[in-house]
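Throughout, read-outs are computed from the coordinates displayed, never taken from laboratory work. The model shown is predicted, which means the values in this text are computed figures rather than measured ones. Glycine also receives a Cβ, built like all others from the backbone with ideal geometry; neighbour counts cover every protein chain displayed.
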Amino acid sequence: MTAALAEADIAICGGGPSGSALAALLAKAGRDVLVIERNAEPVFSVGESLLPFGNRVLEAIGVRMDGFQRKEGAVFTDGDRTTRVAFAEAARPTWTFAHQVPRADFDGRVRRAAIGAGARFVTATVEALAPPCAVTDRGIVRANRVIDAMGREGRLSKQLGQRRYHPQLRNAARTLWYRDVRSFPPEVPGDIVISCFEGGWFWLIPFADGVTSVGSVTTKESGIRGDWDAALARC
């Protein structure tokens, strides 16, 4: 028999930004929340360019964004044409800015906000979901509610046979960090740059410390293979 690991009113599987933010909101509302996260400390992850609508949640749970690069729009280019879209130009902009964030730092801030609100964290790997229980490599977590916040892993949808993949989104991503990356006009500090090419696109995400996250999203037919620097030069 698998031993019991912990009990809670609500168990959240996954302690990334979504799971931690939800834990903070629920804990602030007086609920007993336990977050099950496999990494003891936040680690590198993609998804470094935030959008303005997330500001409301971050403000509600008390996450300070000091030190992150402010972002007020995005630049799109295909080599021949370049267009900038500003958040302030939205139909009804509640927020006109967001931030570029190295994820380990950002995820850590959201996690600390959850802990500060009263949520508990346990380091364990979720192996199966069997509401009202979550089975982990360290034992069973019992709860009145079990929430799957494990992102792409989609544990619950896979178990229920409900996972569906969109054919246009079954792509591959690759990323590296660089210094002294040339920007694209119009140059507005903090903008994300999306450089499109046949079969995919590159992103350039500038951080406040002068480092730029450069990554690609490509289809199997894109032809971007082999030497990374050579692929960047072609685009």
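Would you kindly state the longest site-free stretch of the chain, with sites defined as trypsin sites (Lys or Arg not before Pro) in a DSSP loop (not H, G, I, E, B) surrounded by at most 14 other Cβ atoms within 10 Å?
82-162
For the chain, what does the helix formula give at 222 nm: sum of -39500 (n - 2.57) over DSSP H segments with n ≥ 4, over the residue count, nearest 500 deg cm²/dmol?
Taking each H run of at least 4 residues, the total per residue is -5500 deg cm²/dmol.
Using a 10 angstrom Cβ neighbour count of at most 14 plus a DSSP loop assignment to flag exposed GluC sites (Glu not before Pro), which longest range of the chain is free of such sites?
Here the longest segment lacking exposed loop sites spans 1-186.
Per residue of the range 137-142, in order, report the coupling 6.51 cos²θ - 1.76 cosθ + 1.60 (Karplus, θ = phi - 60°) as ³J(HN,Hα) in whole Hz, putting x for Gly and Pro.
6, 10, x, 9, 9, 9
For the chain, what does the relative contact order come out to in percent, with C-alpha contacts under 8 Å and a separation of six or more?
Across the chain, relative contact order equals 25 percent.
Are there chymotrypsin sites (Phe, Trp or Tyr not before Pro) in the range 141-190 that DSSP puts in a loop and that have at most 11 other Cβ atoms within 10 Å, and which ones?
Those that pass, being in a loop and sparsely packed, are Tyr165.
Please give me the summed charge of the neighbours of Val33: other residues whose Cβ is under 11 Å from its Cβ, Lys and Arg +1, Asp and Glu -1.
+2
Once all Cα-Cα distances of the range 1-41 are split into 5 Å bins that start at 0, what whole-number percent is in each one?
6, 23, 28, 23, 13, 6, 2
Distance from a point 7 Å along Cα→Cβ of Arg179 to each backbone N in the range 203-218: keep the residues under 19 Å and list them by number.
205-215
Run the quick spin-label model on Asp137 and Asp32: label points 7 Å from Cα toward the beta carbon, then report their separation in nm to one decimal.
That separation, rounded to one decimal, is 2.8 nm.
Using θ = phi - 60° and the Karplus curve 6.51 cos²θ - 1.76 cosθ + 1.60, what whole-Hz ³J(HN,Hα) does each residue of the range 162-172 get, with Gly and Pro shown as x?
3J(HN,Hα) across the range 162-172, in whole Hz: 9, 6, 10, 10, 7, x, 7, 10, 8, 10, 10.
Could you pull out every residue, at least 5 positions away or on a different chain, whose amide H is within less than 5 Å of the one on Thr136? Hs are placed 1.01 Å off N in the peptide plane, and Pro or chain starts have none.
Glu127, Val141
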